[in-house]
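Notes follow once the structure below has been shown.
The values are calculated or read from the model by the stated rules, or taken from the named source; none is laboratory data. As the structure is a computational prediction, the values presented were derived from the model and not from experiment. Here the Cβ is made from the backbone with ideal geometry for all residues, glycine too, and neighbour counts use every protein chain on show.
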C-alpha cells in the first residue's frame, strides 16, 4: 500500500572502525593514575590498621580498669574511715548512756570495751578516771587511771595537766605528799614552757618558801 508520508530520515552512522590486534598482548588502553592497588598491598594495609585498632582497644580497657580500681580504693577507704568513726561514736554514746542511768561500774566496763577496740584514746581514759573520782569516790582507782595516762604518748602540756591533777590526788585524798613532790618536780623539769610547768614551779616555790 502506497503512503503519502515522507520516508523517515535515517541518521547517518559511520561504520565502527575495527582496531587491529595489539602485538604481544598489549593494548592501547592507558592505565589511570587512580587505579586499584594489587590485592597483596590491600591485605597488608588492612592487617596494619586492624592491629592498630586492637592495640588502642586494649590500651583503653587497661586505662579504664586502672581508673576503676583507683576509684574503688578511694571509695572503699572513705567507707572504712566513716565506718570506724560511726562505730566510735556509737560505742562512746552507749557508755555515756549507761553512765547517765547511774550504772557507773557498767559504764566503766563499756568504756574499757571501747579501749579494747580502739586503744590509746586519751579522752576515754580521762572519762574513766573522772567516774572513779567523782561518781564512785574511788581515789586510788582514779589515781591508777591517771598514772596509766602518764604512760601514753601525749603532748607535754596535756601530760603536765594530767600530772598536776594526779599531784592533787596524792597530796590531798591519798595523803601521799612525797609522791606529789616528786611528780611536781617532773612537771617543772620536763614540760618546758607549758602552763602546767609554770604552775608546778609556782607551787614548788611556795613550798620552799614555807
Of the criteria (1) loosely packed, with under 10 Cβ neighbours inside 10 Å; (2) in a helix (DSSP H, G or I); (3) modelled with pLDDT of 95 or more, which one residue 102 fails: (2)
Within the range 172-189, the count of residues that are in a helix (DSSP H, G or I), in contact (Cβ under 8 Å) with a residue 24 or more places away in the chain and either closer than 19 Å to residue 140 by Cα or not assigned by TED's automatic domain parsing to the domain that holds residue 142 (or both) comes to 1
Evaluation of residue 108 against (1) under 26 Å from residue 84 (Cβ atoms); (2) free of Cβ contacts under 8 Å to residues at least 24 places away in the same chain (one fails), failing number: (2)
Give the residue, chosen from 164, 154, that is touching a helix residue (DSSP H, G or I) at 6+ places or on another chain (Cβ under 7 Å) and not in a helix (DSSP H, G or I). 154
